Structure formats: C-alpha cells, structure tokens
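A short worksheet on the structure shown next.
No lab work stands behind these numbers, since they all come straight from the coordinates. Just so it is clear, the model here is predicted, and its values are computed rather than measured. Please note: Cβ atoms are built from the backbone with ideal geometry, for glycine as well, and neighbour counts cover all protein chains shown.
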Amino acid sequence: MILKALMDEPVPVYGDGSNIREWLYVEDCAEATLKVVENGKIGEIYNIGSGIEKKNIEVVKSILKLLGKWDDFIVFVKDRPGHDFRYSLDTSKIQKELSWQAKTTFEEGIEKTVKWYLDNLDWAKNKLTELRDYWNKIYHI
C-alpha cells in the first residue's frame with residue numbers, strides 16, 4: 001500500500017474494506033519472537049499479537065493521510081473467495097507465561113513504518129518494480 005501510494009498508483013482494497021485484521025508493529029513482533037525463543041517452553045505455541053484491530057480501509061486511509069494523499073487513490077477490488085472477514089488472536093498465554101505485550105500503538109507503528117519507507121525510497125522503488133507483475137496478476141489493475 002505504501003509503495004503504490006508513493007508512486008501515485010491505485011491502492012487496491014479487498015471488497016468494501018471492512019475486513020478486520022489485528023495489527024502489530026514489526027519491532028514488537030521481533031521482540032516477542034525473541035522472548036519466545038529465549039523463554040518459551042519447547043513445543044508450546046504462543047500467539048503474538050497486539051489486540052489492536054482495524055478495518056482494512058482504516059489502515060489504508062491512515063497510510064494515505066500520512067503520505068498527504070487523497071482517498072481517491074483507493075480502488076476496491078473483488079474479495080478473494082473464502083477470504084476470512086476477521087483475523088484475531090488470543091494473546092493471553094504470552095502475556096501470562098512470558099510477561100510480554102505489544103508496546104507500540106497502531107498510530108506510532110504506522111507512522112514509523114511510513115517513515116521507514118520514505119527514508120528508504122530507493123529500496124522501495126526497486127521493490128515496487130519487482131512486485132508490479134504480481135500485483136497486476138492478483139488485483140487486475
């Protein structure tokens with residue numbers, strides 16, 4: 001989404017954008033993964049999540065706002081057959097057994113993520129070129 005918006009290209013959103021996902025900032029994810037590797041019980045499963053749920057359209061609009069772009073970059077595309085409406089995790093086990101929980105709010109995380117792309121624009125442009133064929137195949141745009 002960030003790459004396409006940076007290049008002033010249509011930003012595809014499945015369905016009407018009301019699908020809900022749990023969002024976790026990458027540094028929180030890395031910290032939790034390390035915590036599980038170092039302190040988790042062998043053979044156990046630990047869900048890593050933030051408890052922060054957002055509609056896809058909210059996330060896209062947040063990205064566009066941070067980039068100073070208009071919502072008219074959004075293009076609604078046909079949802080995948082069988083696509084789950086909501087992804088959500090129970091993170092009580094990692095919180096209780098390993099005393100871990102996400103530290104970064106959605107707003108802080110999305111700002112840091114967008115800033116990273118802006119600070120690494122050359123990489124982003126190269127990645128966009130690599131991804132263009134994939135997106136055209138998936139989104140038909």
When the gyration tensor of region 9-50 is built from Cα positions, what are the square roots of 5 times its three eigenvalues, in whole Å, from largest to smallest?
31, 12, 7
Name the trypsin sites (Lys or Arg not before Pro) in region 38-141 that are in a loop by DSSP and that have at most 14 other C-beta atoms within 10 Å, would you?
Lys41, Lys78, Lys103
Ranking Glu107, Glu9, Glu130 by Cβ neighbours within 10 Å, fewest first, what do you get?
Glu130, Glu107, Glu9
Note, Lys125: beta-carbon cut-off 15 Å, +1 each Lys/Arg, -1 each Asp/Glu, net -2
Selection of GluC sites (Glu not before Pro), region 17-63, meeting DSSP coil and at most 14 other Cβ within 10 Å:
Glu44
Note on the chain: the mean projected area of its alpha-carbon convex hull, in nm², is 9.7 nm²
Could you work out how much longer the chain between Leu89 and Ile42 gets when fully extended? Use 0.36 nm per residue separation minus the Cα distance between them, nm to one decimal.
14.9 nm
Between the Cα axis of helix 121-139 and the main Cα principal axis of the chain, the angle (0 to 90°, nearest 10) is 80 degrees
Under a straight-distance cross-link criterion of Cα-Cα below 24 Å, which lysines are reachable from Lys69, leaving out those fewer than 8 residues away in the same chain?
Lys4, Lys54, Lys55, Lys61, Lys78, Lys112, Lys115, Lys125, Lys127
When the helix-only estimate is applied to the chain (DSSP H runs of n ≥ 4, each -39,500 (n - 2.57), divided by the residue count), what is the mean residue ellipticity at 222 nm, nearest 500 deg cm²/dmol?
-15500 deg cm²/dmol
Highest GNM mean-square fluctuation among Ile110, Ile94, Ile63, for the chain with Cα springs under 10 Å, belongs to Ile94
Rg/Rh for region 55-113: what does it come to with C-alpha atoms and Rh from Kirkwood?
1.09
Once both axes come from the Cα atoms, what is the angle between helix 56-66 and the longest principal axis of the chain, in degrees from 0 to 90, rounded to 10?
70 degrees
On the formula 1/(1 + (r/R0)^6), with r taken between the Cβ atoms of Lys115 and Asp72 and R0 of 22 Å, the FRET efficiency rounded to 0.05 is 0.40
Longest exposed-site-free window of the chain, the sites being chymotrypsin sites (Phe, Trp or Tyr not before Pro) in a DSSP loop that have at most 10 other C-beta atoms within 10 Å
1-69
Charge tally in the Cβ shell below 13 Å around Val37, where Lys, Arg are +1 and Asp, Glu are -1, Val37 excluded
-1
Where Lys and Arg each count +1 and Asp and Glu each count -1, what net charge lies around Asp90 among other residues with Cβ under 15 Å from its Cβ?
-1
Percent antiparallel among DSSP beta bridges with both residues in the chain, to the nearest 5?
40 percent
Mean projection of the alpha-carbon convex hull of region 48-87 over all orientations, in nm²?
3.9 nm²
